[in-house]
1. Need a quick list: helices (runs of 4 or more DSSP H) entirely within region 210-302 having at least 3 residues that are among the β-branched types (Val, Ile, Thr), in contact with a Pro (Cβ under 9 Å, 6 or more places away or on another chain) and at pLDDT below 90.
2. Checking Gly28 against (1) under 11 Å from Met317 (Cα atoms); (2) touching a helix residue (DSSP H, G or I) at 6+ places or on another chain (Cβ under 7 Å): exactly one of these is not met. Which one?
3. Do you know which residues across region 159-186 are outside any helix (DSSP H, G or I), over 18 Å from Ser44 (Cβ atoms) and at pLDDT 80 or above?
4. Among the residues of region 264-274, are any under 30 Å from Leu52 (Cα atoms), of a type in the set (Ser, Thr, Tyr) and within 18 Å of the chain's Cα centre (by Cα)?
5. Pick from Arg63, Arg56: which is surrounded by 15 or more Cβ atoms within 10 Å (Cβ to Cβ) and out of contact with any strand residue (DSSP E or B) (no Cβ under 8 Å at 6 or more places or on another chain)?
6. Mind checking which residues of region 87-99 are more than 14 Å from His122 (Cβ to Cβ) and not β-branched (Val, Ile, Thr)?
7. Which pairs have Cβ atoms under 9 Å, sit 6 or more apart or on different chains, and link a residue in region 139-157 that is touching a residue at least 12 places away in the same chain (Cβ under 8 Å) to one that is part of a helix (DSSP H, G or I) and basic (Lys, Arg)?
8. Go over the candidates Leu43, Leu29 one by one and state the one that is at pLDDT 90 or above, on the phi < 0 side of the Ramachandran plot and outside any helix (DSSP H, G or I).
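The values are calculated or read from the model by the stated rules, or taken from the named source; none is laboratory data. Source: prediction; values computed, not measured. Every residue, glycine as well, gets a Cβ built from its backbone with ideal geometry; the counts of neighbours run over all protein chains shown.
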Amino acid sequence: MTQDHGRLAGLDSLRGFAVLLVVLFHSGLLPFGWAGVDLFFGLSGFLITRILLRSRTDAQSFRQLAGPFYVRRALRILPLAWSAIAIAALLTRTWKGPLLYATYVANLAWVDTRFPPAELAHFWSLSVEEQFYFVWPLVVWTLNRRLLRWACVAIIAIEFGARTWLSHIHAPLNILVFSTMVSSIPLVVGCWLATLDRLPRRAVGLLVLSSLAFVATPWLQQTIEGWRYVLAPIPIAVAIGAALVSVRGDWKPLASLGTISYGVYVIHGLLTPWAQGAIVHPTTRAIMLLGLSIALAKISWRILELPILRLKDRWPMPSQS
């Protein structure tokens with residue numbers, strides 16, 4: 001992969017791989033599939049920071065940079081997310097939780113429980129992203145590339161320290177796992193990679209080592225206290241970096257899945273409580289959950305997401321003007 005101004009080959013396949021991991025995890029078929037969310041974070045941080053760095057060169061003011069960014073982000077995220085939230089609220093007749101999920105604050109550290117309905121529990125990751133990107137454009141605008149690189153390192157160190165301390169005091173699980181102050185390490189790893197002047201050519205060996213660490217997770221959870229919550233960010237960070245550096249091209253089936261990965265992610269969460277209650281066998285559950293999610297995501301892409309995404313042309317980023 002080269003750091004040029006065009007489309008980066010292979011990233012759609014990584015998106016497809018990430019959402020596949022998450023669906024298989026929620027199906028009960030892949031214990032370490034939760035890492036798919038972190039891969040999503042890393043991809044997002046890399047691409048968003050790359051866009052912001054490229055656009056700030058042509059932007060005359062922060063407003064000229066941030067305005068199109070936030071509008072385009074809203075057009076991509078909100079229509080499907082709010083549609084899913086409305087459907088979940090109507091079906092479950094639950095209102096407080098959907099309101100918190102719709103405003104992306106349900107994962108904040110002072111919240112002691114995960115709010116119902118369960119159909120929206122996966123929206124914690126969307127909350128992390130939106131809270132992070134609320135402030136990240138200003139950081140990118142303010143700091144030069146070298147300082148931005150060091151800011152990423154500092155954020156990762158602070159978050160790792162926070163994770164260690166929260167694990168030591170046995171903080172509630174939702175704070176230790178779902179709050180932005182400790183869950184955005186993968187995002188920042190992606191941001192850091194985007195600040196590099198040149199990406200390494202390959203990191204396949206690191207990818208293999210990090211994959212072995214994930215496979216060993218069940219054993220490590222039993223032998224090292226707090227493995228997933230304290231030590232897991234290390235192989236996650238290595239895996240994200242290695243994946244972004246090593247990928248060279250798209251594999252069509254995964255790339256096709258990657259194109260609709262946001263829809264699959266949002267929709268599969270709506271279906272997961274039903275699938276977990278109605279289907280006993282994990283493999284059957286995974287096939288049903290993945291198949292239904294893909295089918296509905298394709299419909300969503302055609303009739304909802306794609307028409308709205310065309311509106312983004314009205315708010316081009318400065319580098320696209």
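1. Once the helices (runs of 4 or more DSSP H) in region 210-302 are filtered for at least 3 residues that are among the β-branched types (Val, Ile, Thr), in contact with a Pro (Cβ under 9 Å, 6 or more places away or on another chain) and at pLDDT below 90, what remains is 233-246.
2. Unmet for Gly28, out of (1) under 11 Å from Met317 (Cα atoms); (2) touching a helix residue (DSSP H, G or I) at 6+ places or on another chain (Cβ under 7 Å): (1).
3. Passing the criteria: only Ile169.
4. Looking for residues that are under 30 Å from Leu52 (Cα atoms), of a type in the set (Ser, Thr, Tyr) and within 18 Å of the chain's Cα centre (by Cα), one finds at least one in region 264-274, hence yes.
5. Arg56
6. Those that are more than 14 Å from His122 (Cβ to Cβ) and not β-branched (Val, Ile, Thr): Ala89, Leu90, Leu91, Arg93, Trp95, Lys96, Leu99.
7. If the second residue must be part of a helix (DSSP H, G or I) and basic (Lys, Arg), the pairs left are Val140/Arg56; Trp141/Arg56.
8. After applying the criteria, what remains is Leu29.
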